[in-house]
Amino acid sequence: MIIDLPSSNTSAVNRKLVELRESGGVFALGRVLTLVVVTEDGREMERAVEAANQASREHPCRVIVLARGQRRAAARLDAQIRVGGDAGASEVVVLRGYGPLAEEGAGAGMVMPLLLPDAPVVAWWPGEAPANPSQDAIGKLAQRRITDALSSKNPTKAFEQRRRDHVAGDTDLTWTRLTHWRAQLAAALDVPPYEDVTSVVVAGEVVSPSTELIAGWLASALGVKVKRSPSEKSQGLALVRLVRSSGTIELARPDGKTAKLTQPGQPDRLIALSRRDVADCLSEELRRLDPDEIYHEALTGIAAVSRGRTPVKV
């Protein structure tokens with residue numbers, strides 16, 4: 001069910017939510033958090049709502065979407081409430097601000113009256129994010145702040161900003177996309193002969209924040225020399241090679257879908273390792289509300305990574 005409240009205000013939205021709760025049951029209770037989504041109005045907003053709806057099936061929550069409209073229009077707030085089949089296991093409140101209400105500083109004032117009492121707040125920027133999310137008006141309301149450098153117009157610049165301005169509670173979906181890679185590499189090292197890794201090669205697309213992050217993670221976790229090289233043709237993260245005295249462990253994904261794990265003394269294994277979609281990554285990030293120390297260590301470890309210029313064949 002979708003209820004439109006044109007030319008409205010947050011008080012009217014709150015009254016309507018209470019009315020729906022009283023007439024339709026306890027759909028607004030039992031929420032574990034408030035997810036605030038900051039995006040532009042249009043297709044980007046609908047994609048973000050769909051991802052939030054999918055994630056809410058695992059984490060029932062109230063989703064508040066700040067959909068910024070035309071900046072040059074007259075000041076107006078168009079609200080929309082989505083419940084039931086149009087909102088997954090959540091309730092979605094869409095706030096479309098125009099004119100002054102579309103500016104960054106106006107969002108926090110519209111969001112605060114709609115936050116669930118005594119529930120954690122998570123802020124998510126599915127597209128362009130502030131240079132320093134923790135200092136943003138919405139970011140200051142949240143315990144966790146989720147960004148996605150790959151969705152920025154300049155991913156390299158956005159990623160460098162994440163590195164420079166990181167504080168506890170910040171995370172980026174470029175890191176979440178690496179979970180399956182990290183699990184496979186950790187499992188490969190957790191079997192005999194338990195030898196130390198002497199060096200590491202990581203190859204990926206020239207502009208690939210995830211490749212940078214896994215190189216930093218390995219440098220931090222293993223304390224060895226890590227070289228980050230470009231890859232031939234492959235997009236995103238393509239290869240991780242762990243060198244030990246008994247042989248080399250290699251996890252290579254040339255096509256972006258299936259990876260081959262090569263280990264000394266064992267037959268090669270094919271592993272489904274396709275790129276994760278946004279809803280899957282968002283669901284994972286909502287499982288924890290405490291700071292991600294390993295992500296911070298990976299960001300710090302990037303400084304110790306050396307650079308190779310010769311493309312690596314995958």
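Evaluate the following for G236: is it small (G, A, S) and either surrounded by fewer than 14 Cβ atoms within 10 Å (Cβ to Cβ) or touching an Asp or Glu at 6+ places or on another chain (Cβ under 7 Å) (or both)? The answer is yes for G236. Considered as a group, the residues in segment 252-271 that are open to solvent by less than 50 Å² (accessible area, probe 1.4 Å) and without any contact (Cβ under 8 Å) to a residue 40 or more places away in the chain include one that is nearest to the chain's Cα centre (by Cα), and that residue is G256.
Going by what's in this entry, would A215 be described as open to solvent by less than 20 Å² (accessible area, probe 1.4 Å) and within 21 Å of the chain's Cα centre (by Cα)? Give the derivation first.
Numbers: open to solvent by less than 20 Å² (accessible area, probe 1.4 Å): yes; within 21 Å of the chain's Cα centre (by Cα): yes.
In short, yes.
Of all residues in segment 152-188, exactly one satisfies the criterion of being over 24 Å from V278 (Cα atoms) and buried (at least 17 other Cβ atoms within 10 Å of the Cβ), namely A188.
On inspection, E22 does not qualify as at pLDDT below 95, under 20 Å from A142 (Cβ atoms) and surrounded by fewer than 17 Cβ atoms within 10 Å (Cβ to Cβ). For first residues located in segment 282-306 and under 12 Å from A168 (Cβ atoms), partners that are surrounded by fewer than 19 Cβ atoms within 10 Å (Cβ to Cβ) and of a type in the set (G, A, S) and lie 6+ apart or on another chain with Cβ distances below 8 Å form the pairs P291/A168; H296/A168. State yes or no: is T34 within 22 Å of A12 (Cβ to Cβ) and of a type in the set (S, T, N, Q)? Taking the combined requirement at face value, the residue satisfies it.
Do the conditions hold for R15, that is, is it open to solvent by 30 Å² or more (accessible area, probe 1.4 Å), out of contact with any Gly (no Cβ under 9 Å at 6 or more places or on another chain) and in a loop (DSSP other than H, G, I, E, B)? Spelling it out, it is not the case that R15 is open to solvent by 30 Å² or more (accessible area, probe 1.4 Å), out of contact with any Gly (no Cβ under 9 Å at 6 or more places or on another chain) and in a loop (DSSP other than H, G, I, E, B).
Would you please name the residue that is most open to solvent (accessible area, probe 1.4 Å), looking only at residues in segment 72-100 that are among the charged types (D, E, K, R) and touching a residue at least 60 places away in the same chain (Cβ under 8 Å)? So that I can check it myself, show each step before the final result.
Residues of segment 72-100 that are among the charged types (D, E, K, R), as a first pass: 72, 76, 78, 82, 86, 91, 96.
Retained after the next criterion (residues that are touching a residue at least 60 places away in the same chain (Cβ under 8 Å)): 76, 78, 82, 86, 91.
Numbers: R76: 89, D78: 29, R82: 20, D86: 64, E91: 0 Å².
Checked segment 72-100; the qualifying residue most open to solvent (accessible area, probe 1.4 Å) is R76.
Set side by side, the residues T211, T198 differ, and just one is without any contact (Cβ under 8 Å) to a residue 40 or more places away in the chain and among the hydroxyl-bearing types (S, T, Y), which is T211. Within segment 272-311, the residues that satisfy the criterion of being outside any loop (DSSP other than H, G, I, E, B), closer than 22 Å to A259 by Cβ and open to solvent by 20 Å² or more (accessible area, probe 1.4 Å) are A272, V278, D280, E284, I294.
Of all the residues that make up segment 271-287, how many are among the basic types (K, R) and either touching a strand residue (DSSP E or B) at 6+ places or on another chain (Cβ under 8 Å) or within 13 Å of T179 (Cα to Cα) (or both)?
The qualifying residues number 2.
The C-beta contact set for segment 231-251 (first residue in contact (Cβ under 8 Å) with a residue 60 or more places away in the chain, second residue of a type in the set (K, R), distance under 6 angstrom, 6+ apart or interchain) comprises E232/K313; A238/R253. Just give me the residues in segment 46-58 being open to solvent by 20 Å² or more (accessible area, probe 1.4 Å), more than 15 Å from G127 (Cα to Cα) and either aromatic (F, W, Y) or in contact (Cβ under 8 Å) with a residue 40 or more places away in the chain (or both), in sequence order. Passing the criteria: Q54, E58.
Restricting attention to segment 62-70, does a residue exist that is touching a residue at least 60 places away in the same chain (Cβ under 8 Å) and of a type in the set (G, A, S)? Within segment 62-70 (the criterion being touching a residue at least 60 places away in the same chain (Cβ under 8 Å) and of a type in the set (G, A, S)), the answer is no, since none of the residues qualifies.
Does R62 qualify as being of a type in the set (D, E, K, R), open to solvent by 40 Å² or more (accessible area, probe 1.4 Å) and modelled with pLDDT under 95? It is false that R62 is of a type in the set (D, E, K, R), open to solvent by 40 Å² or more (accessible area, probe 1.4 Å) and modelled with pLDDT under 95. One residue stands out among those in segment 130-147 that are touching a residue at least 60 places away in the same chain (Cβ under 8 Å) and either open to solvent by 20 Å² or more (accessible area, probe 1.4 Å) or under 12 Å from the mean Cα position of the chain (by Cα) (or both): the one that is nearest to E160 (Cα to Cα), which is I146. Whether a residue is surrounded by fewer than 23 Cβ atoms within 10 Å (Cβ to Cβ), over 16 Å from the mean Cα position of the chain (by Cα) and of a type in the set (V, I, T) was assessed, and V191 passes this test.
The values are calculated or read from the model by the stated rules, or taken from the named source; none is laboratory data. This is a predicted model, so every value here is computed, not measured. Don't worry about glycine lacking a Cβ; one is built from the backbone with ideal geometry, like all the others, and counts go over all protein chains shown. The area values use the complete protein model at the heavy-atom level, side chains included, leaving out ligands, DNA and RNA. Shrake-Rupley method; radii C 1.70, N 1.55, O 1.52, S 1.80 Å.
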